[in-house]
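Input: a single structure, listed below in structure tokens.
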Amino acid sequence: MRSHLLNDATADRYRRSVSEGVERVAEHLAATRRPFTGITPQELAPVVDAVDLDRPLGDTSAALDELQDVYLRDAVYFHHPRYLGHLNCPVVIPAVLGEAVLSAVNSSLDTWDQSAGATLIERKLIGWTAGRIGLGPSADGVFTSGGTQSNLQALLLAREESGAQDASKLRIFSSECSHFSVQKSAQLLGLGREAVVPIPVDRHKRMQSVVLAAELAACRAEGLIPMAIVATAGTTDFGSIDPLQEIAALAAEYGAWMHVDAAYGCGLLASRTRRHLLDGIERADSVTVDYHKSFFQPVSSSALVVRDVATLRHATYHADYLNPRRTVAEQIPNQVDKSLQTTRRFDALKLWMTLRVMGADGVGELFDEVCDLAEAGHALLAADPRYDVVVAPQLSTLVYRYIPAAVTSPAEIDRANLYARKALFASGEAVVAGTRVDGRQYLKFTLLNPETTVADIAAVLDLIAGHAEQYLGETLVHAAS
Ligand SMILES: *Cc1c(COP(=O)(O)O)cnc(C)c1O
């Protein structure tokens, strides 16, 4: 069994095994004609169930053959131009190369003595990101597993910085369209169900700063403490960006921590034409960036960046076996001092390889392309009498719903849209997402693939209309009979 350990003696097996795997995936990507096969959990579960984990195949080729059946054939492929579902991006090759390297070396980013250069690379990327945000000379941060963890850590720092003795008095303000991890974090931080105050959005789905101002005043008047304001720079559903300058001014006035959740919109940091959409982000106390959304990185790749390195101490604990206090005096860089995680992947290497091969402008160009595509898609939807589209996109999402020509009930329209989404998924021809707006069922394109064309969007809209019409036709026949 030692021949399976990766070391000096097994370099050849490593080369062969990994090459064979890369070959299979490459073949598969080249042959994929649809984003999904449409398989159901009921169909796939027995295939996975049939594998006896106590009877190994002992052979890489055989395991890869099996993998074909249990995973590769029926996976959902984000690289396909008609995958328009959630906030998943196609990945860039330099990042995938980075992924292969970081797994093989397997550095752990908790301490210098488990990582060496990897720690310095991560730090440099954090510095680079903070520079793009404009956070100033005291900025720092750490890579995380995703936006959820970044938001949790940001709110932990905010809670500690508030200095409040009574956590039940703390309030967090975020738009009604903010990510649910804000609420989850509040709960994990022991702040209670009342802690998050949802602020209504305007017709562009951006936080109404006038209401925010009123809520902050009411909070203070009630003797409560405005702990943090979470501005979303790119809401998950609409890509709408809250008014960052106005929020920054209010945060300063009320002494609240300003967190910008730019999990989605962070790609603008690399854009040569749209960076101004994030103006005001440089006034934040902390920022969440998900490189695995708009920097075309494989999952996971995310970071929390803070204005003041000192605030990261709220996540610092010392263990004699790992990062004893003396290491601070010895200036040994142990990233665990800043992180909620202990053992941690060297995800930063993927972004490093990306920037070294393509450069930031290269990434920004790709993100600009999908934002342009969203504008074109919006024009298409706005001109199409079959569809109602919610807002003009600031980033790359479109939320819309099919409206039949014949008069029918709102509930029936909801069902037709839901049916169309499910039927499309089952056909595997395209994948779209869904959401609710003002209580009604809508559909959603999240455009993150520069290979998607306006013609793809038009074709998918025809498919959706076809499914919705079929549903309505069948229910009419049903009602008549
Ligand atoms: C996706 C998203 C998150 C959560 O990030 P994960 O990486 O999925 O944990 C948080 N906030 C916003 C605005 C998001 O779009």
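The values are calculated or read from the model by the stated rules, or taken from the named source; none is laboratory data. These numbers come from a predicted model, not from an experiment. Positions of Cβ are backbone-derived with ideal geometry, glycine not excepted, and every protein chain shown enters the neighbour counts.
Hey, any hits in region 427-438 for a residue that's on the phi > 0 side of the Ramachandran plot and in contact (Cβ under 8 Å) with a residue 24 or more places away in the chain?
There is at least one residue in region 427-438 that is on the phi > 0 side of the Ramachandran plot and in contact (Cβ under 8 Å) with a residue 24 or more places away in the chain.
Among (1) assigned to a strand (DSSP E or B); (2) surrounded by fewer than 20 Cβ atoms within 10 Å (Cβ to Cβ); (3) within 19 Å of the chain's Cα centre (by Cα), which single condition is ARG436 missing?
The failed condition is (3).
Might you let me know whether region 230-241 holds any residue that is hydrophobic (A, V, I, L, M, F, W, C), modelled with pLDDT under 95 and touching a helix residue (DSSP H, G or I) at 6+ places or on another chain (Cβ under 8 Å)?
no
Per-residue answers, yes or no, for (1) at pLDDT below 95; (2) farther than 24 Å from ARG356 by Cα; (3) among the small types (Gly, Ala, Ser):
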site	(1), (2), (3)
THR119	no, no, no
GLU122	no, no, no
LEU135	no, no, no
PHE143	no, no, no
GLY146	no, no, yes
ASN151	no, yes, no
GLN165	yes, yes, no
LYS169	no, yes, no
ILE172	no, yes, no
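Under 7 Å between Cβ atoms, which residue pairs at least 6 apart in sequence (or on different chains) link something in region 228-249 that is acidic (Asp, Glu) with a partner that is more than 11 Å from the ligand (Cβ to nearest atom)?
Correct list of pairs: ASP237/VAL399; ASP237/THR435; ASP237/LYS444; ASP242/ARG206; ASP242/MET207; GLU246/SER209.
Between PRO56, PRO81, PRO94, which is outside any helix (DSSP H, G or I) and closer than 27 Å to LEU447 by Cα?
Of the residues listed, the single one that is outside any helix (DSSP H, G or I) and closer than 27 Å to LEU447 by Cα is PRO81.
Within region 399-422, work out how many residues are in contact (Cβ under 8 Å) with a residue 24 or more places away in the chain and β-branched (Val, Ile, Thr).
3
For the subset of region 178-201 comprising residues that are without any contact (Cβ under 8 Å) to a residue 24 or more places away in the chain and within 16 Å of the ligand (Cβ to nearest atom), which member is nearest to GLY146 (Cα to Cα)?
PHE180
I'd like to know if region 50-62 contains one or more residues that are touching a helix residue (DSSP H, G or I) at 6+ places or on another chain (Cβ under 6 Å), charged (D, E, K, R) and surrounded by fewer than 21 Cβ atoms within 10 Å (Cβ to Cβ).
no
Specify the residue that is surrounded by the most Cβ atoms within 10 Å (Cβ to Cβ); the eligible residues are those in region 85-113 that are over 30 Å from ASN7 (Cα atoms) and within 16 Å of the ligand (Cβ to nearest atom).
CYS89
Can you pull out the residues in region 190-233 that are acidic (Asp, Glu) and over 25 Å from the mean Cα position of the chain (by Cα)?
GLU194, GLU215, GLU222 - these are the residues of region 190-233 that are acidic (Asp, Glu) and over 25 Å from the mean Cα position of the chain (by Cα).
Working only within region 137-172, note down all residues that are crowded, with 24+ Cβ neighbours inside 10 Å, within 16 Å of THR232 (Cβ to Cβ) and within 15 Å of the ligand (Cβ to nearest atom).
Within region 137-172, GLY147, SER150, ASN151, ALA154, LEU155, ILE172 meet the criteria.
Out of curiosity, is SER175 in contact with a helix residue (DSSP H, G or I) (Cβ under 8 Å, 6 or more places away or on another chain), assigned by TED's automatic domain parsing to the domain that holds LEU250 and either hydroxyl-bearing (Ser, Thr, Tyr) or within 16 Å of the ligand (Cβ to nearest atom) (or both)?
Considered against the rule, which asks whether it is in contact with a helix residue (DSSP H, G or I) (Cβ under 8 Å, 6 or more places away or on another chain), assigned by TED's automatic domain parsing to the domain that holds LEU250 and either hydroxyl-bearing (Ser, Thr, Tyr) or within 16 Å of the ligand (Cβ to nearest atom) (or both), SER175 comes out as no.
Of these, ALA310, ALA284, which one is surrounded by fewer than 19 Cβ atoms within 10 Å (Cβ to Cβ), over 21 Å from THR343 (Cα atoms) and in contact (Cβ under 8 Å) with a residue 40 or more places away in the chain?
Step by step, each of ALA310, ALA284 is checked, and only ALA310 is surrounded by fewer than 19 Cβ atoms within 10 Å (Cβ to Cβ), over 21 Å from THR343 (Cα atoms) and in contact (Cβ under 8 Å) with a residue 40 or more places away in the chain.
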